[in-house]
1. Modelled with pLDDT under 95 and either surrounded by 15 or more Cβ atoms within 10 Å (Cβ to Cβ) or among the β-branched types (V, I, T) (or both): which single residue out of T62, T14 fits that description?
2. Looking for whichever is among the charged types (D, E, K, R), in contact with a helix residue (DSSP H, G or I) (Cβ under 9 Å, 6 or more places away or on another chain), away from the ligand (no atom under 16 Å from the Cβ) and closer than 24 Å to F64 by Cβ here; the options are K181, K195. Which one fits?
3. Sort out for me the helices (runs of 4 or more DSSP H) sitting completely within the range 107-183 that have 1 or more residues that are in contact with an Asp or Glu (Cβ under 6 Å, 6 or more places away or on another chain) and of a type in the set (D, E, K, R).
4. Being within 6 Å of the ligand (Cβ to nearest atom), touching a residue at least 40 places away in the same chain (Cβ under 8 Å) and part of a loop (DSSP other than H, G, I, E, B) is the filter here, so list the residues in the range 44-71 that pass it.
5. Among the residues of the range 67-80, are any surrounded by 15 or more Cβ atoms within 10 Å (Cβ to Cβ) and within 15 Å of W30 (Cα to Cα)?
6. Taking the stated definitions as given, is Q34 open to solvent by less than 70 Å² (accessible area, probe 1.4 Å) and not hydroxyl-bearing (S, T, Y)?
Amino acid sequence: MRIRYWKNTEEILTSSQSVVHEPEQMKGRWLTQQEGASLLAAEIGCGKGKFICDMAKAHPDTLFVGVEYVPTVLARAARKVRLLSEGPEPENIDAASRIRLIRADAIDLTKFFAEGEVDHLYLNFSDPWPKAKHAKRRLTCWNFLPVYAAVLKPDGDLSFKTDNDGLFAFSIESFRANGWKILEMTEDLHHSEYKEGNITTEYEENFLMNQKPIHYLRAVPVRESPAKA
Ligand code: SAH
């Protein structure tokens, strides 16, 4: 059973139009290869892909790249994009054509995005890694923030959503300590001024059903005086 599951995963990943197998080749060229899109966005840890699919429908000017390191999960996202591409609605077919999926670790982002190439980064419901000894795996820790700053455009930004109080508090500290400026922040996104235009993720839908407040922030790297926040 397990073997068949893996075989299916490999089959889906190799046959899906949306999966980019050699993302290094796309470095610095994501938008030149995409007619109609003028902005580049990436979700780090895209899970099963609901967010990027719905974002692609809502933002016809943007190419969305989903980065995910668990192959079985990425295969679920690939299947979702394929369903979208099979129509019948032309908007859905267009949205699917602006989605790419990469099987990779967030720490390697600079291998497939050039410096200043990305307009928007999204971190949604990243694993909290609550134990202190695992802090370096949190996607908002000192290891990852310089990588995001490197690939973001000078006026690019990063949006972060989580239900997890500990990860949110840690992340606020981490962004500030690593020279980022927080432009928007709320403990309860769905009862805040930032709710409009918010696109929910799979995890978010679950937490909302259980009435869990969603924490949100939007931050930008400060280039002139890093690490002085
Ligand atoms: N964004 C989705 C999934 C959240 S779960 C949603 O909101 O519904 C977090 C996801 O991030 C998992 O699928 C996990 O495999 C992925 N992930 C965690 N660390 C990662 C890393 N370093 N690189 C790439 N993906 C990562």
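The values are calculated or read from the model by the stated rules, or taken from the named source; none is laboratory data. As the structure is a computational prediction, the values presented were derived from the model and not from experiment. Glycine gets a Cβ as well: all are built from the backbone with ideal geometry, and neighbour counts include every protein chain shown. Surface accessibility is based on the protein's heavy atoms, side chains included, excluding ligands, DNA and RNA. Shrake-Rupley method; radii C 1.70, N 1.55, O 1.52, S 1.80 Å.
1. T14
2. Of the residues listed, the single one that is among the charged types (D, E, K, R), in contact with a helix residue (DSSP H, G or I) (Cβ under 9 Å, 6 or more places away or on another chain), away from the ligand (no atom under 16 Å from the Cβ) and closer than 24 Å to F64 by Cβ is K195.
3. 109-112
4. Selection gives G45, C46, G47.
5. yes
6. yes
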